1. If you scan segment 69-95, which residues turn out to be within 25 Å of Q282 (Cα to Cα), loosely packed, with under 15 Cβ neighbours inside 10 Å and over 19 Å from the mean Cα position of the chain (by Cα)?
2. Quick one: what pairs do we get from segment 91-102, first residue of a type in the set (D, E, K, R), second assigned to a strand (DSSP E or B) and surrounded by 13 or more Cβ atoms within 10 Å (Cβ to Cβ), C-beta under 8 Å, 6+ apart or different chains?
3. Could you count how many residues in segment 242-267 are more than 21 Å from S183 (Cβ to Cβ) and either surrounded by 15 or more Cβ atoms within 10 Å (Cβ to Cβ) or hydroxyl-bearing (S, T, Y) (or both)?
4. Kindly indicate the residue of segment 145-154 that is in a helix (DSSP H, G or I) and free of Cβ contacts under 8 Å to residues at least 60 places away in the same chain and also farthest from V273 (Cα to Cα) among those meeting that condition.
5. Looking at segment 14-34, which of its residues are more than 20 Å from R122 (Cβ to Cβ), under 20 Å from the mean Cα position of the chain (by Cα) and touching a residue at least 60 places away in the same chain (Cβ under 8 Å)?
6. Suppose we filter L285, L225 for residues that are of a type in the set (A, V, I, L, M), surrounded by fewer than 23 Cβ atoms within 10 Å (Cβ to Cβ), in a strand (DSSP E or B) and out of contact with any helix residue (DSSP H, G or I) (no Cβ under 9 Å at 6 or more places or on another chain); which single one remains?
7. Sort through L85, L80 and tell me the only one that's among the hydrophobic types (A, V, I, L, M, F, W, C), free of Cβ contacts under 8 Å to residues at least 60 places away in the same chain, farther than 23 Å from A201 by Cα and in contact with a strand residue (DSSP E or B) (Cβ under 9 Å, 6 or more places away or on another chain).
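Any read-out appearing in this document is the output of simple, stated calculations on the displayed coordinates, not a laboratory observation. Here the structure is a predicted model, which means the values were calculated and not measured. As a convention, Cβ positions derive from the backbone with ideal geometry for all residues, glycine included, and neighbour counts pool all protein chains shown.
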Amino acid sequence: MEPSQVTEQSDFTAYFTPIDPPDGADATYEYFRPSGAVVSVWSPKIQHGGPPTGLLVRAMERAVDPSDGQEFSRVTMEILGAIGLGVNRVRAVVPRPGRQISQVSAELEVQQDDGTYRLVARATAWRLKSCDSSSVQRLPRTPLDLTPDRLEQHIGFPEVNGIEVPWGRVGFIGTVTVCGQPSRVGGLAAIWIKPNLPLVAGEHTSPLASAFTVIDVANGVGTPLDPMTWSWMNTDTTVHLIKQPAGDWVGIDSNMAAGATGYAASFADLYDVTGFLGRSAQTSLLSRQG
């Protein structure tokens with residue numbers, strides 16, 4: 001692994017800044033310039049998966065009628081290629097409208113050196129009609145034992161699996177606040193995490209987009225691997241929700257199942273400060289360093 005080298009998080013005011021469409025560009029997209037706050041720990045030339053996921057969720061939220069009584073129930077984000085640091089553009093559509101069930105999707109493209117755009121990520125979400133089902137509510141987990149206000153908070157992940165890492169406050173990881181407590185699913189620890197920057201400059205980030213900006217870290221939180229020997233780059237994130245997130249904090253209690261042939265799967269219980277939120281699943285490519 002070659003850690004990214006970026007300046008401290010205080011030098012950034014947001015993950016993305018909106019810009020006007022470049023001359024001749026397709027105006028049906030929204031255009032953004034990513035800041036150094038999005039940079040991945042795996043390479044200084046690519047983005048961490050979190051901020052692009054948040055940007056896709058933001059686009060999907062903006063593509064639907066918020067008064068239609070439906071809520072986001074499942075979101076899948078797939079990384080189709082390296083998400084570079086050039087101009088990013090996003091567009092969302094509703095391929096399956098409906099009064100009770102609908103589907104919305106979004107695509108993210110990155111401008112290449114020759115000025116063309118390459119598709120690098122895609123998200124799809126199902127939205128379901130909400131109603132009062134409190135009489136049959138069933139939660140598989142009680143709330144996490146400790147809330148963020150009762151735990152020591154710090155920036156990033158200076159240690160992973162008990163090992164000090166040089167990239168623990170690099171790029172995106174250096175822009176999140178984290179606090180930990182014992183895992184209940186056999187992982188190394190459960191964490192509370194929140195982004196410290198707005199997703200888009202000049203905007204308030206919705207709780208849903210904020211949550212999806214940080215949920216991507218679940219594959220790293222639950223890894224049993226030596227971070228100085230192995231890397232684990234995920235290709236996708238799928239989240240099933242039983243309610244909409246509330247507040248900035250997301251609790252992640254994750255555990256990785258590592259196979260014998262070079263890939264792994266991470267599964268996490270998710271929480272907000274009011275209780276159980278849902279579950280996530282990710283696949284990761286395992287690579288030995290050096």
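1. V93, P95
2. Close Cβ pairs (under 8 Å, with a partner that is assigned to a strand (DSSP E or B) and surrounded by 13 or more Cβ atoms within 10 Å (Cβ to Cβ)) amount to R91/E30; R91/A106; R91/E107; R96/S102; R96/Q103; R99/K129.
3. Summing the residues that are more than 21 Å from S183 (Cβ to Cβ) and either surrounded by 15 or more Cβ atoms within 10 Å (Cβ to Cβ) or hydroxyl-bearing (S, T, Y) (or both) in segment 242-267 gives 5.
4. For segment 145-154, the residue satisfying everything is R150.
5. A14, T17, P18
6. Every option except L285 fails the conditions.
7. L80
Residue-by-condition table, conditions (1) over 29 Å from G69 (Cβ atoms); (2) touching a residue at least 24 places away in the same chain (Cβ under 8 Å):
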position: T116; (1), (2): yes, no
position: V120; (1), (2): yes, yes
position: S133; (1), (2): no, no
position: P143; (1), (2): no, yes
position: V178; (1), (2): yes, yes
position: I193; (1), (2): yes, yes
position: T205; (1), (2): no, yes
